[in-house]
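Below is one structure, written out as structure tokens; the observations come after it.
Bear in mind that the values in this text are calculations on the coordinates, not laboratory data. Note that the structure is a prediction, hence the values are computed from the model and not measured. In this analysis, Cβ positions are derived from the backbone assuming ideal geometry, glycine residues included, and neighbour counts consider all displayed protein chains.
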Amino acid sequence: MKRCAWVTSEPLYIEYHDQDWGVPVYDDRLLFEMLCLEGAQAGLSWWTILQKRENYRKAFANFDAEKIVHFSEEKLEALREDKGIVRNKLKIQSVVTNAKAFLKIQEQHGSFSEYIWSFVNHKPIVNEWKTKEEVPVTNEISEKMSKQLKKDGFKFVGSTICYSYMQAVGMINDHTLDCFRHPHNK
């Protein structure tokens, strides 16, 4: 079975590629989780974050924004000592900041899903890349999304993070044409 060239032989990576990456996500909680995890990845590899994903879920109340916005300073200090996550003060604080912005977006738009999917007109973009080298790290949509997310109060949402996020939650399908997960191979 042929997979995208970036996938290693690690079972967790294979599972992520085969079951999650590029699959459209509309669940607000999972969309929020992935936005936070993509932000945590900044300057690191996705593999680092993927290995810590369960620890992140435990540390951040399964990404329940209603709970996260009430994290005390003591809780945040404890998270900065938690070896199961990336112990970067700004990245940890960004989850709380993003939870506040996320709840505001839900209130304004009815759901975060409605808001975030509007950047792709509520329809996944399916690209037809032949090699991983052809796959961009940003595009016009990720630039627009980044600017809007920042304007709406989110942190760690640069254009590259937004593009990676769109790939992860299936807004953009960047499985290469030779990968069994590309829609043309189904």
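Measuring between their Cα centroids, the stretch 41-84 and the stretch 121-155 lie 24 Å from each other.
Can you give the longest stretch of the chain with no exposed loop site, where a site means GluC sites (Glu not before Pro) in a DSSP loop (not H, G, I, E or B) with at most 16 other C-beta atoms within 10 Å?
1-80
On a 24 Å Cα-Cα criterion, which of the cross-link pairs K58/K151; K123/K186; K52/K151; K58/K100 come out too long?
Values: K58/K151 29 Å; K123/K186 19 Å; K52/K151 29 Å; K58/K100 19 Å.
Beyond 24 Å between Cα atoms: K58/K151; K52/K151.
Based on Cα atoms of the chain, Rg over Rh with Rh as the Kirkwood radius reads 0.96. Ordered by the count of other Cβ atoms within 10 Å of each Cβ, fewest first, K75, K186, K155 give K186, K75, K155. Put a dot 7 Å past the Cα of K100, heading toward its Cβ, do the same for E134, and the two dots end up 4.4 nm apart. Among the DSSP helices (H) of the chain, those spanning at least 27 angstrom by Cα along their long axis with an average Kyte-Doolittle hydropathy of -0.5 or more are 89-109; this is a geometric and hydropathy rule only.
Where does the charge balance sit around S94 when Lys and Arg score +1, Asp and Glu -1, over other residues with C-beta under 12 Å from its C-beta? Overall, the nearby charge balance is +4. Near N127: Cβ cut-off under 10 Å, other residues only, Lys/Arg at +1 and Asp/Glu at -1. The net charge is -3.
I want to make sure I understand the PRE zone here: with the label point 7 angstrom from the Cα of M1 toward its beta carbon, which residues in the stretch 145-186 have backbone N atoms less than 15 Å away? Residues passing the 15 Å test: 179-183, 185-186.
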